[in-house]
Amino acid sequence: METYQIYSLASAVLFVVGLAGIFAARHFFKKIIATKIMGGGVFLCFVSFAERDALAFADPVPHAMVITGIVVAVSAAAFALALSRRIQQLTGQESFPVDE
Amino acid sequence: MEAFFITVCLFLLLNICLGLVRVWRGPTVADRLLTTQLFGTTGMAVLIILAGYLGELTLLNVAITFNVLAILLVICLVQVWKSGAKGGEA
Amino acid sequence: MTPAEIVTVMLLVAGCFFFLAGTLGLLRFPDLFCRLHALTKADNLGLGLIALGMAVHIASPWAALKILFIWLFTLMASSTSCYLIAKFQRGRAPKPSEASAE
Amino acid sequence: MSVWIDSLLAVLAVFLAVRCLLAPTLPQCVFLFFAFGLALALAWARLGAVDVAIAEAAIAAGFLGVLLIDALRDFAAPRTHGETAQKPHFLTQVLLGAGLVVFLYVALEAVWNVPDGGGLTALAADNLPRSGVDHPVTAVLLNYRSYDTWLEVGVVLMALLALFATGGKELFRRPVVGAVDPLLRQVILFFTPVLFLVGAFLLYLGKTEPGGAFQAAVLWGAAGILLHLGGWPVFAAMPRWTRQVLLTAGFGFFLLLGFIFMSGGSALFEYPVAYAGVLILIVETLAALSIAAALTAIFAYFNGMKAASVENEIPDPS
């Protein structure tokens, strides 16, 4: 098994784990972390394929996209965290209300 | 020599796995943070070894980045949780 | 094996020993203050020995300088963070009502 | 033989992700997530993505960690409500589980049998002499695909504006508690210039080696956050116009440069080959400054949010 195959398989599993987390977790905080894990899976997928296409150096285009993606993902996570804190401050809720 | 470096890396990674027990058990936030610090140090050691054995010296820059940021989380915990935290873990 | 390699192997094995000792201490010691003691051994000596061993192996002055900086910063960061965490924890010593939080 | 390291890292990452999401308390979840970030950073290093490893190390160990610890303070309280939330219906659970299993199969199949596209490595290598820099990732970020980078600087700015919308923009100006401990002050005063210098070093290195604007930006932002934590709110203390210029400099200069050369007949964000190296360095520096300012502001805002909630509920004599 090649190096990139190990990591690309792990990336698929990570993505699904994150997706399951978004559905299953109740707390806002955990949902945000689940999206971060999903994002980690996507980035791992990109970088592992960049390693597959390596000649003298690994494919730089996915690397650049992942770096951009990391910064965008962290901005989004910061916004989501701020929203959830605000919701908690205003309503005391820490998770979505359950439909009866 | 290569096999030796890989063994050392594996050993350090298994060490991290062992330390995870403390992250899980806590009981205080400070305990968990300490263990994370240990992971950071172990990660630096793994990066230095990888830099040596792959011949990729730029990996040292990753270790430096980890290194200078290691103190940030501790200072944040100490300063932010200083007074009036709403409870939870002591 | 060349002498340099033997030195590297010995230093790395010694470094690993300190990392293992630090982790075991982290797991086995009863409270935070003891664990701090165990941890700083791993931080200072474990990383220091491994860094020294790899500096011998890489044998490039620029890399050796970087490794030296990594070790010095770690020394500084780990000793001060040890102090800060200990002080922080003492200031928050759990009251009897909170002691059963976990 | 090194396949063992890769397997162990991959298994560790997946295991940490699962444990993190299954953790019963939030502190467990957050600190396992930090460990997950470390495992990912080591995975990037193994995959030869040193730029990504530096960015991940800086973001996961630095910026996001600080935000999470700050937010955790509000959420770490034992939950007094919501405990009664009943589990979803059994049928829903089964359907969801089955759907996820099918999706996992599809995803594994997709990454296993991915068609051989050859990638863009050769193309990137061919054009490297015309890009003005020697490091392919920097060339992609600031020359071939400047659009992405430009918009990304914009996204960080947008995140800050959106953040301001959640609680009023003055929150970041709340007074901070200074560092009274003399050792803490010294540590902050020592590490701030170190962070600044390492950031500048990475920025300069970006021309030839892994490193560059984002990594530098996060380190500079970390320096700002450190000063903020020590009781010197650098961002909030600046005059209003300085803050505005600092936040928009990267985005604005990038665009201005694009328009200037467009009027000379080239495409948007196409630089003349002779000056490309210098121009890229200037653009990178300004972008890094802008992102660093935005990150500092985001943290200052977070800290302000906490102060608001604490004031409401626990009167603090100091």
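Each 10 Å bin from zero up to the one holding the largest Cα-Cα distance in the stretch D:1-149 carries the following percent of pairs: 9, 21, 30, 26, 11, 3, 0.
As a length-normalised measure over Cα pairs under 8 Å and 6 or more apart, the relative contact order of chain C settles at 29 percent. This ranking places A:Met1, D:Met158, C:Met54 by how few other beta-carbon atoms lie within 10 Å of each, fewest first, which gives A:Met1, D:Met158, C:Met54. For chain A, the equivalent ellipsoid derived from the alpha-carbon gyration tensor has semi-axes of 34, 16, 6 Å in decreasing order. Computed from the Cα positions only, the extents of chain B along the three principal axes stand at 53, 26, 9 Å, in decreasing order. Taking the C-alpha atoms only, the angle from helix A:60-91 to the longest principal axis of chain A is near 10 degrees.
If exposed GluC sites (Glu not before Pro) are those in a DSSP loop with at most 15 other Cβ within 10 Å, what is the longest stretch of chain D that has none? Kindly include the intermediate steps, with their values, before the conclusion.
On the way: sites that count: D:Glu83, D:Glu270.
Longest site-free region, per DSSP loop and neighbour criteria: D:84-269.
Decide, for chain D, between rounded, prolate and oblate: order the square roots of the alpha carbon gyration tensor eigenvalues as a ≥ b ≥ c, take rounded if a/c falls under 1.5, and otherwise choose prolate if a/b is larger than b/c, else oblate. It is oblate, given that a/c is not under 1.5 and a/b is not larger than b/c.
Seen against the Cα atoms of chain B and their longest principal axis, helix B:2-25 is set at about 10 degrees. Per residue of D:208-218, other chain Cβ atoms within 10 Å of the residue Cβ number 3 on average. Of the complete DSSP H runs in chain D, those spanning 20 angstrom or more by Cα along the long axis with a mean Kyte-Doolittle score not below -1.0 are D:3-22, D:26-46, D:90-112, D:146-167, D:182-205, D:213-229, D:240-263, D:276-313. Quick one: if the Förster radius is 30 Å, what FRET efficiency do C:Val13 and A:Met1 give, using the C-beta to C-beta distance and rounding to 0.05? After rounding, the FRET efficiency stands at 0.50. Taking the empirical scaling 2.2 N^0.38 Å for compact globular proteins as reference, chain C has a Cα radius of gyration ratio of 1.38. Please find, in a Gaussian network model of chain D (springs between Cα atoms separated by less than 10 Å), the residue of D:Gln186, D:Gln244, D:Gln93 whose mean-square fluctuation is greatest. Judging by the Gaussian network model, the answer is D:Gln93.
Could you work out the mean count of beta carbons from other protein chains within 10 Å of each residue's beta carbon in C:33-42?
Values: counts 0, 0, 6, 3, 0, 2, 7, 3, 0, 7.
Counting other chains' Cβ atoms within 10 Å and averaging over C:33-42 gives 3.
By other beta-carbon atoms within 10 Å, ranking A:Arg52, D:Arg19 with the fewest at the front produces D:Arg19, A:Arg52. Descending by average beta-carbon neighbour count within 10 Å, the peptides A:88-97, D:194-203 line up as D:194-203, A:88-97, the highest first.
The simple spin-label model puts a point 7 Å past each Cα toward its Cβ; for C:Leu72 and B:Leu18 those points are separated by 3.2 nm.
When each of the peptides D:33-41, B:55-63, A:42-50 is scored by how many other beta carbons lie within 10 Å of its residues on average, the order from highest to lowest is D:33-41, A:42-50, B:55-63. With neighbours defined as other Cβ atoms within 10 Å of a residue's Cβ, the residues B:Arg25, C:Arg90, D:Arg243 order from fewest to most as C:Arg90, B:Arg25, D:Arg243.
In what sequence, highest mean first, do D:220-229, D:4-13 appear when ranked by Cβ atoms within 10 angstrom?
Numbers: D:220-229: 26.5, D:4-13: 20.5.
Going by the mean number of other Cβ atoms within 10 Å, highest first, we get D:220-229, D:4-13.
Spin-label pair B:Glu56-D:Val101: with each label point 7 Å from Cα along the Cα-Cβ axis, the two points sit 3.8 nm from one another.
What is the calculated FRET efficiency for C:Tyr83 to A:Leu55, with r their C-beta to C-beta distance and R₀ = 51 Å, to the nearest 0.05? Efficiency for this residue pair is about 0.55. Build a GNM of chain D with springs between Cα atoms under 10 Å: which of D:Phe302, D:Phe254, D:Phe31 gets the top mean-square fluctuation? Highest fluctuation among the options: D:Phe31. Pairs from the list A:Lys36/B:Lys82; C:Lys66/D:Lys207; A:Lys36/C:Lys87; A:Lys30/D:Lys207 with a Cα-Cα gap above 30 Å: A:Lys36/C:Lys87; A:Lys30/D:Lys207.
Could you work out [θ]222 nm for chain D from helices alone, using -39500 (n - 2.57) per DSSP H run of at least four and dividing by all its residues? Round to the nearest 500 deg cm²/dmol. Write down the numbers at each step before the final one.
Numbers: 13 runs with 229 residues, N = 318.
About -24500 deg cm²/dmol.
Between D:Val245 and D:Ala125, the C-beta separation translates, for a Förster distance of 41 Å, into a calculated FRET efficiency of about 0.60.
According to the square roots a ≥ b ≥ c of the eigenvalues of the Cα gyration tensor, what is the shape class of the protein assembly as shown, taking rounded for a/c under 1.5, prolate for a/b larger than b/c otherwise, and oblate for the remainder? Because its axes are fairly even, with a/c under 1.5, the protein assembly as shown counts as rounded. Here the sum of -39500 (n - 2.57) over DSSP H runs of 4 or more residues, divided by the residues of chain C, equals -26500 deg cm²/dmol at 222 nm, to the nearest 500. Across peptide D:227-239, the mean count of Cβ atoms from other chains lying within 10 Å of each residue's own Cβ comes to 1.
Largest GNM mean-square fluctuation across D:Ala292, D:Ala23, D:Ala216, computed for chain D with C-alpha springs under 10 Å, falls on D:Ala23.
Where a number appears in this text, it was derived from the coordinates with a stated rule and is not lab data. These numbers come from a predicted model, not from an experiment. No Cβ is skipped: glycine too gets one built from the backbone with ideal geometry, and neighbour counts run over all protein chains shown.
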